[in-house]
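Undergrad: Submitted below is the structure of interest, expressed as structure tokens.
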Amino acid sequence: MLLELNIRDFAIIESLSIGFGPGLNIFTGSTGAGKSIIMDALALVLGDRASGDLIREGSVEAQVEALFDISGVRGSGLDDILIEAGFPASDELLIKRVVQRAGRNRIYINGSLSTLVTLTEIGRRLIDIYGQSEHQSLARSDEHVEVLDSFGGLLEKRARMASAYRETAEARRELEKLVEDAKGGRERKEFLSFQLNELSAAGLKPGEEEELKGLRERLQSVGKLREATGFAERAIYSESGSVTERLGAVARSLKDVSSLDERLKEAAARVEASLIELEDAGAFFRDYASSIEADPDALEAASERLDLIGRLKKKYGGSVGEMLLKKEALEKELGLLENTDLRQAELESRFNAAHSRAAEIAGELSAGRLAAAKGLKARIEEELTNLGMKGALFEVLVEEDRGHDGGPRLTEKGSDKVSFHIAANKGEGLKPLAKVASGGELSRIMLAIKSVISSGRVPTMVFDEIDTGVSGGMAQVVGLKLKEVSRANQVLCITHLPQVAAFADRHFAVSKETTGERTVTRVREVTGDSRVDEISSMLGGLKVTETTKKHALELIQAAGKLARSGKALKQS
């Protein structure tokens, strides 16, 4: 739902802030006051083409900012778009568009820079603007199947269709990959076998390379190790004046006197223990120095083994661990190749079963759509008659979509192409909905459709020019229809008709003022007596009288009564 729209230096708007509410939000005002400019600003912030001509005279840039409550459309695909674009999902969404004369146009989503592509995808899920074709979801044929399936109660079957289609597509992908791989199966198998034999013959073990490197380094340093341990043994144990000889003298001296003072006993014991440890260390160094010998054969073997591992690493991976994983992968792939025929038969059986299920559900969907199309046609033609388009013809075409092989082309939505066509006036030929030229006619057609399918995936609808060619009692019908639709969706509507304005939940009066040499657009929400005066001026022109005020109040009261009763008005 649109919560707030802020506009600055856009066309003849200097600065404007509008707070919206749920239900029916009506804009009224004289021709040229700037009502459509507000809708242009809204279209811009949803992704419309930007131009320097939009900037107010004397300003360097225009800014439009829109705040939305998107808690009601979570799960509609909007979250996925936001997350993919790097915007954390939340219950509010702030979009800002900046247009500069120098040509630098910027888009911000929740305060971060974004792209026009992302903005357009988001805008399509927030607002439908009827009267500007690029923002009309129902003018896009891909939305028509959604309307028909919703009307026909086919959404659960659609979900089953989507599941069956995904299973079919997955089986097809696996089968195609298997067949493609099998084309070079013999050569591939020979190549994989060679690699596996090479890795198996190497007999690699986890941690082996590190152990070999340590062994090679020790074998290369035998002289250094013997010299260091020999020196340690002599210094600690065997030479005259060694550490143990001197420490032994200390231990004996302390032993003689420790009985004289209890405080010396613990320190003397530690010296004795240190002497024992040093004697053990000296003995170890003596044995180590005498036992260590150069082993050229072992050194050569370790070096050759490391060279082999190095060559294999260049071919198969950066470590022994990675090569072991590669070996497992080779074994698995070879196993699959050896069982290709069996696997192919299994996949073909799985694909055929999934395709049969999908085709069966698609057939059920087609039958359901053909039946629902008749009911939808009748309901919408009835609504069009009520909206002053007597004689208009509406058709729902359900056609089988065929693939290159001439058979039905299955998708997640079934095998049908659904499109809405209309002849807005008696004697005209049917045309695709998107080809309807009149903005007023298109708005009423969309209103008729929304009257039949009140809820939708787009939470806010904007109706521009909806009252073109409408007057009198028919205007009251249009107002009531808007009111009915606004119970399930937020509706914004520009109208020149007091009968329509009388149904507003929020009523905004748009005016144009001249200050000095500048003209600016003003918007104020009217309530109570101010609202009666606004509708009165719509009835009586510039002159507001007690008679027009009385008539305006009667219109508001009648609209409230009709809205509460929920009964559609009948027109001859």
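Every number here is computed from the coordinates shown, using simple stated rules; none is lab data. Nothing here was measured: the structure is a model prediction, and the numbers come from that model. When we count neighbours, we look across all protein chains shown, and the Cβ atoms used for this are built from the backbone with ideal geometry, even at glycine.
Undergrad: Taking square-rooted eigenvalues a ≥ b ≥ c of the alpha carbon gyration tensor, is the stretch 428-547 rounded, prolate or oblate, where a/c under 1.5 means rounded and, failing that, a/b exceeding b/c means prolate? Please list the in-between numbers first.
TA: On the way: a/c = 1.80, a/b = 1.65, b/c = 1.09.
It is prolate, given that a/c is not under 1.5 and a/b is the larger ratio.
Undergrad: Could you tell me the center-to-center distance, by alpha carbons, between the stretch 57-96 and the stretch 449-525 in angstrom?
TA: Cα centroid of the stretch 57-96 versus Cα centroid of the stretch 449-525: 24 Å apart.
Undergrad: Which of the lysines could a cross-linker span from Lys512 if the Cα-Cα distance has to be under 22 Å and same-chain partners fewer than 8 positions apart are dropped?
TA: Within reach: Lys35, Lys543.
Undergrad: Here's another thing I want to ask about it. Report the far tail of the P(r) of the stretch 8-126, meaning the percent of Cα-Cα pairs longer than 22 Å.
TA: On the way: 2597 of 7021 pairs.
It works out to 37 percent of all Cα pairs.
Undergrad: Let me ask something else about it. Using a ≥ b ≥ c from the Cα gyration tensor of the stretch 237-278 (square roots of the eigenvalues), is it rounded, prolate or oblate, where a/c under 1.5 gives rounded and otherwise the larger of a/b and b/c decides, a/b for prolate?
TA: Working: a/c = 4.57, a/b = 2.05, b/c = 2.23.
Here the stretch 237-278 falls in the oblate category.
Undergrad: Shifting gears a bit: Give the percent of DSSP beta bridges with both residues in the chain that are antiparallel, rounded to the nearest 5.
TA: Values: 49 of 65 bridges.
That works out to approximately 75 percent antiparallel.
Undergrad: Counting only residues 5 or more places away or on other chains, whose amide H sits under 5 Å from the amide H of Gly29 once H atoms are built in the peptide plane?
TA: Distant-sequence amide H within range of Gly29: Val510.
Undergrad: Work out, step by step, the length gained on full extension between Glu84 and Asp401: first 0.36 nm times the residue separation, then minus their alpha carbon distance; give nm to one decimal. Walk me through the intermediate numbers first.
TA: Values: separation 317, 0.36 × 317 = 114.12 nm, distance 3.14 nm.
Contour length minus Cα-Cα distance gives 111.0 nm.
Undergrad: What does the convex hull of the Cα atoms of the stretch 147-242 come to per residue, in Å³, rounded to a whole number?
TA: Working: hull volume 24.7 nm³, N = 96.
Hull volume over Cα atoms, normalised by residue count, gives 257 Å³.
Undergrad: Would you mind checking the radius of gyration and Dmax of the stretch 356-466 based on alpha-carbon positions, in Å?
TA: Calculated on Cα positions, Rg and Dmax stand at 16.0, 49 Å.
Undergrad: In addition: Please work out the FRET efficiency for the pair Thr115 and Ser17, using the Cβ-Cβ distance as r and a Förster radius of 35 Å; give the result to the nearest 0.05.
TA: Working: r = 27 Å, r/R0 = 0.76.
The calculated FRET efficiency here is 0.85.
Undergrad: Between helix 546-565 and the chain, what is the angle of the helix's C-alpha long axis to the longest principal axis, kept within 0 to 90° and rounded to the nearest 10?
TA: Approximately 50 degrees, to the nearest ten.
Undergrad: Structure shown: which of Lys481/Lys549; Lys177/Lys332; Lys390/Lys431 lie over 22 Å apart, alpha-carbon to alpha-carbon? Working shown, then result.
TA: On the way: Lys481/Lys549 25 Å; Lys177/Lys332 16 Å; Lys390/Lys431 17 Å.
Violating the 22 Å Cα-Cα cut-off are Lys481/Lys549.
Undergrad: Then there is this: So, in Å, what gap is there between the alpha-carbon centers of the stretch 35-54 and the stretch 140-203?
TA: Each part's Cα centre sits 44 Å from the other's.
Undergrad: Counting helices only, and only those DSSP H runs with n ≥ 4, report the 222 nm mean residue ellipticity of the chain as the sum of -39,500 (n - 2.57) divided by its residues, in deg cm²/dmol to the nearest 500.
TA: For the chain, the value works out to -18000 deg cm²/dmol.
Undergrad: With a point put 7 Å past each Cα toward its Cβ, work out how far Ala281 is from Arg218 in nm, to one decimal.
TA: Once both label points are built, they end up 2.1 nm from each other.
Undergrad: Among 414-421, 120-127, 366-373, what's the highest-first ranking by average C-beta atoms within 10 angstrom per residue?
TA: Ranking the peptides 414-421, 120-127, 366-373 by packing returns 414-421, 120-127, 366-373.
Undergrad: State the Cα centre-to-centre distance between the stretch 110-124 and the stretch 283-360 in whole Å.
TA: Rounded to whole Å, the Cα centres lie 47 Å apart.
Undergrad: If we restrict to alpha carbons, what Rg and Dmax does the chain come to, in Å?
TA: 42.2, 132
Undergrad: Using 0.36 nm per residue of separation minus the Cα-Cα distance, give me the extension gain between Asp505 and Leu264 in nm, one decimal. If you can, show how the numbers build up before the last one.
TA: Working: separation 241, 0.36 × 241 = 86.76 nm, distance 9.87 nm.
Length difference between fully extended and current span is 76.9 nm.
Undergrad: Please list, by residue number, everything in the stretch 487-512 whose backbone N is under 16 Å from a paramagnetic label point 7 Å out along Cα→Cβ of Asp533.
TA: Counting only backbone N, you get 507-512.
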